[in-house]
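The values are calculated or read from the model by the stated rules, or taken from the named source; none is laboratory data. Bear in mind the structure is a predicted one, so any value in this text is a computation, not a measurement. So basically every Cβ, Gly included, is an ideal-geometry build from the backbone, and we count neighbours across all protein chains shown.
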Amino acid sequence: MPAPLRQIAALALLLTLAAPAAHAQVYRWVDAEGVIHLSSEKPPAGVKAERIRVGGTSRSSAPGPSAGSSAGSPGPAGSAASTSPSRPTPASTVPVVEREALLSRLRTRECVIALEALDRKTSGAEPTSTAEIRRLKQTAELNCSDDPERRRREEELASQLRMANSPACDQARDQLWQMLEPGSGAPRERVRSQQSYVDEHCTPPVR
């Protein structure tokens, strides 16, 4: 085969392998009841959904660049012959794996937010309604894990989020900002202690 034809054939093959990665995505939508849905499948016809594309789907299990070469840059000529890289993950499976990982992270996020809001609203901390409680429960049921260990972890994250959203953390963050203001005169050790408290207790585990 002439060289130009070989180049065209190689380019066509690369585009074919890259096609699944280019279209790897998940869908997020809110139904008429306000319940949040996440899926790797398209929503029902007529439903407006947000498409979230999977990033980094071109990665493989091959080792990173050797010292002296930057990420994504080819190594010196002939270096491939002197090393034994692991076999790359087939291009067709990479988008599927990464899409499912992204879907799991997004579901965890929606689960944690729903659990925290349920705890806050059912405790009487703020006004709510039967419809709102039902919406939050349905969102949690759709997105929280059925695995007991993962569900415990999601509940722990919801508890951390509740603390981060609490008045105590609002006050702690305000105090830290006041300490960091020029001319505040706050002792360095006190600033460090306050910063440590905010970092440990008042940083939301999901956003």
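Kindly establish whether residue 186 is of a type in the set (A, V, I, L, M, F, W, C), modelled with pLDDT of 90 or more and part of a helix (DSSP H, G or I). No; evaluated as a whole, the condition is false for this residue. Against the list (1) at pLDDT 95 or above; (2) touching a helix residue (DSSP H, G or I) at 6+ places or on another chain (Cβ under 9 Å); (3) over 29 Å from residue 118 (Cβ atoms), the condition residue 193 fails is (2).
Of the listed requirements (1) farther than 15 Å from residue 159 by Cβ; (2) part of a helix (DSSP H, G or I), residue 127 misses just one: (2). Contact map, the stretch 38-54: residues that are over 14 Å from residue 106 (Cβ atoms) and in the same structural domain as residue 98 (by TED's automatic domain parsing) paired with residues that are hydrophobic (A, V, I, L, M, F, W, C) and not in a strand (DSSP E or B), Cβ distance under 8 Å, separation 6+ or inter-chain. Pairs shown: 42/49; 43/49.
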